[in-house]
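The structure under discussion appears below in the form of structure tokens.
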Amino acid sequence: MSEVHPDGESRNLQLIGERIRSRRTTNLFLKQAVSRALVRDAIEVARWAPNHHLTEPWHFYLLGDDKIARSVELIRTIVAENKDEDIAEFKATSAAAIPGWLIVTCRKSDDELLQLEDYASCCCAVQNLTLYLAEAGVACKWTTGLITRDQRFFDLLGMDSEKEFVVGLIWYGYPKILPTQNRKAVGDILTETD
């Protein structure tokens, strides 16, 4: 599928469509590390997400080995407090197998409309980030588990919960497998009007 732009240039829409449809949430990663430079490049692209009044409400926290290990132990603690020890051990073991951790936060606002707009912008930034990484062969899982709302996590990472909230913890790495998915047909989700 190709479209000719008014400037006469041909645009390959099929390519971008394939890239978007091929991005997948992944749970199983290889133990191979992803270059921090690649993640920084993905953040550079992420920040070009649309944001009303150019508020740029996002902040990114790229965790190193020490903070990841401490976060895994915090997951174990939080899940044990809320569920049970067996589930806590499973969740901690699973989290410890994730090679890369990136937290995306959104600046808080007392203005309800601005907060909604800023949150939407941060979600667009995460999409930009995950698409960029997917093109590099890196898969992601965007999670909003219990740890992302726990004050101890904010304290561990030096985040100010009065000024920002977590939009997502992005786990990333080279995938062991990429799952397949389906979506509803466009006709099922589209209403066209005159």
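Residue 170: at pLDDT 95 or above, in contact with a helix residue (DSSP H, G or I) (Cβ under 6 Å, 6 or more places away or on another chain), within 28 Å of residue 32 (Cβ to Cβ) and buried (at least 19 other Cβ atoms within 10 Å of the Cβ), yes or no? Break it down stepwise before answering.
Details: at pLDDT 95 or above: yes; in contact with a helix residue (DSSP H, G or I) (Cβ under 6 Å, 6 or more places away or on another chain): no; within 28 Å of residue 32 (Cβ to Cβ): yes; buried (at least 19 other Cβ atoms within 10 Å of the Cβ): yes.
Against the criterion (at pLDDT 95 or above, in contact with a helix residue (DSSP H, G or I) (Cβ under 6 Å, 6 or more places away or on another chain), within 28 Å of residue 32 (Cβ to Cβ) and buried (at least 19 other Cβ atoms within 10 Å of the Cβ)), residue 170 does not qualify.
Go through (1) modelled with pLDDT of 95 or more; (2) in a loop (DSSP other than H, G, I, E, B); (3) farther than 19 Å from residue 58 by Cβ one by one and return the number of the condition residue 156 breaks.
(2) is the only condition that residue 156 fails.
Would you say residue 110 is acidic (Asp, Glu), out of contact with any Ser or Thr (no Cβ under 8 Å at 6 or more places or on another chain), at negative phi and part of a loop (DSSP other than H, G, I, E, B)? It would help to see each step written out before you state the result.
On the way: acidic (Asp, Glu): yes; out of contact with any Ser or Thr (no Cβ under 8 Å at 6 or more places or on another chain): yes; at negative phi: yes; part of a loop (DSSP other than H, G, I, E, B): yes.
It is true that residue 110 is acidic (Asp, Glu), out of contact with any Ser or Thr (no Cβ under 8 Å at 6 or more places or on another chain), at negative phi and part of a loop (DSSP other than H, G, I, E, B).
Could you tell me whether any residue of the range 1-22 is among the aliphatic types (A, V, I, L, M), out of contact with any helix residue (DSSP H, G or I) (no Cβ under 8 Å at 6 or more places or on another chain), modelled with pLDDT of 95 or more and farther than 30 Å from residue 111 by Cβ? Spell out how you get there, then give the answer.
Quick first cut of the range 1-22, residues among the aliphatic types (A, V, I, L, M) only: 1, 4, 13, 15-16, 20.
Cutting the leftovers down to out of contact with any helix residue (DSSP H, G or I) (no Cβ under 8 Å at 6 or more places or on another chain) gives us 4, 13, 15-16.
Among the residues that remain, those that are also modelled with pLDDT of 95 or more are: none.
No: the range 1-22 contains no residue that is among the aliphatic types (A, V, I, L, M), out of contact with any helix residue (DSSP H, G or I) (no Cβ under 8 Å at 6 or more places or on another chain), modelled with pLDDT of 95 or more and farther than 30 Å from residue 111 by Cβ.
Do we find that residue 33 is in a loop (DSSP other than H, G, I, E, B), among the hydrophobic types (A, V, I, L, M, F, W, C) and under 15 Å from the mean Cα position of the chain (by Cα) in this structure? Spell out how you get there, then give the answer.
Working: in a loop (DSSP other than H, G, I, E, B): yes; among the hydrophobic types (A, V, I, L, M, F, W, C): yes; under 15 Å from the mean Cα position of the chain (by Cα): no.
The answer is no for residue 33.
Count, please, the residues in the range 99-120 that happen to be surrounded by 20 or more Cβ atoms within 10 Å (Cβ to Cβ) and closer than 27 Å to residue 66 by Cβ. Spell out how you get there, then give the answer.
In the first step, residues of the range 99-120 are kept if they are surrounded by 20 or more Cβ atoms within 10 Å (Cβ to Cβ); the result is 100-106, 118.
Still in the running and closer than 27 Å to residue 66 by Cβ: 100-106.
Qualifying residue count, the range 99-120: 7.
Identify the single condition in (1) surrounded by 18 or more Cβ atoms within 10 Å (Cβ to Cβ); (2) in a helix (DSSP H, G or I); (3) in contact (Cβ under 8 Å) with a residue 24 or more places away in the chain that residue 123 does not satisfy, given that it satisfies every other one.
(1)
Only residues in the range 92-111 that are touching a residue at least 24 places away in the same chain (Cβ under 8 Å) and under 13 Å from residue 142 (Cβ atoms) count as the first member; pair them with residues that are basic (Lys, Arg) and buried (at least 16 other Cβ atoms within 10 Å of the Cβ), Cβ under 9 angstrom, at least 6 apart or cross-chain, and list the lot.
Between residues of the range 92-111 that are touching a residue at least 24 places away in the same chain (Cβ under 8 Å) and under 13 Å from residue 142 (Cβ atoms) and residues that are basic (Lys, Arg) and buried (at least 16 other Cβ atoms within 10 Å of the Cβ), the close pairs are 98/141; 101/67.
Conditions: (1) crowded, with 18+ Cβ neighbours inside 10 Å; (2) basic (Lys, Arg); (3) free of Cβ contacts under 8 Å to residues at least 40 places away in the same chain. Residue 83 meets all but one. Number of the miss?
For residue 83, the failing item is (1).
Within 24 Å of residue 29 (Cβ to Cβ), hydroxyl-bearing (Ser, Thr, Tyr) and surrounded by 10 or more Cβ atoms within 10 Å (Cβ to Cβ): is that true of residue 180 in this structure? Spell out the reasoning first.
Working: within 24 Å of residue 29 (Cβ to Cβ): yes; hydroxyl-bearing (Ser, Thr, Tyr): yes; surrounded by 10 or more Cβ atoms within 10 Å (Cβ to Cβ): no.
For residue 180, the condition - within 24 Å of residue 29 (Cβ to Cβ), hydroxyl-bearing (Ser, Thr, Tyr) and surrounded by 10 or more Cβ atoms within 10 Å (Cβ to Cβ) - is not met.
Hey, could you check the range 126-152 for residues that are β-branched (Val, Ile, Thr), within 11 Å of the chain's Cα centre (by Cα) and assigned to a helix (DSSP H, G or I) and say which is modelled with the highest pLDDT? Talk me through it step by step, then tell me what you get.
First, the residues of the range 126-152 that are β-branched (Val, Ile, Thr): 126, 130, 138, 143-144, 147-148.
Subset that is within 11 Å of the chain's Cα centre (by Cα): 126, 130, 143-144.
Retained after the next criterion (residues that are assigned to a helix (DSSP H, G or I)): 126, 130.
Numbers: 126: 98, 130: 95.
Across the range 126-152, the extreme among qualifying residues is 126.
Going through 180, 143, 191 one at a time, which residue ends up being within 14 Å of residue 103 (Cα to Cα) and not aromatic (Phe, Trp, Tyr)?
Working: 180 fails: within 14 Å of residue 103 (Cα to Cα); 191 fails: within 14 Å of residue 103 (Cα to Cα).
Result of the check over 180, 143, 191: 143.
I'd like the residue in the range 138-167 that is of a type in the set (S, T, N, Q) and surrounded by 13 or more Cβ atoms within 10 Å (Cβ to Cβ) and, out of all such residues, is nearest to residue 21 (Cα to Cα).
Our first condition is that a residue be of a type in the set (S, T, N, Q); within the range 138-167, this holds for 143-144, 148, 151, 161.
Add one more test, that the residue is surrounded by 13 or more Cβ atoms within 10 Å (Cβ to Cβ), and what stays is 143, 148, 161.
Details: 143: 20, 148: 27, 161: 35 Å.
Going through the qualifying residues, I end up with 143.
The values are calculated or read from the model by the stated rules, or taken from the named source; none is laboratory data. Computed from a prediction, not measured in an experiment: that's the story for all the values here. Please note: Cβ atoms are built from the backbone with ideal geometry, for glycine as well, and neighbour counts cover all protein chains shown.
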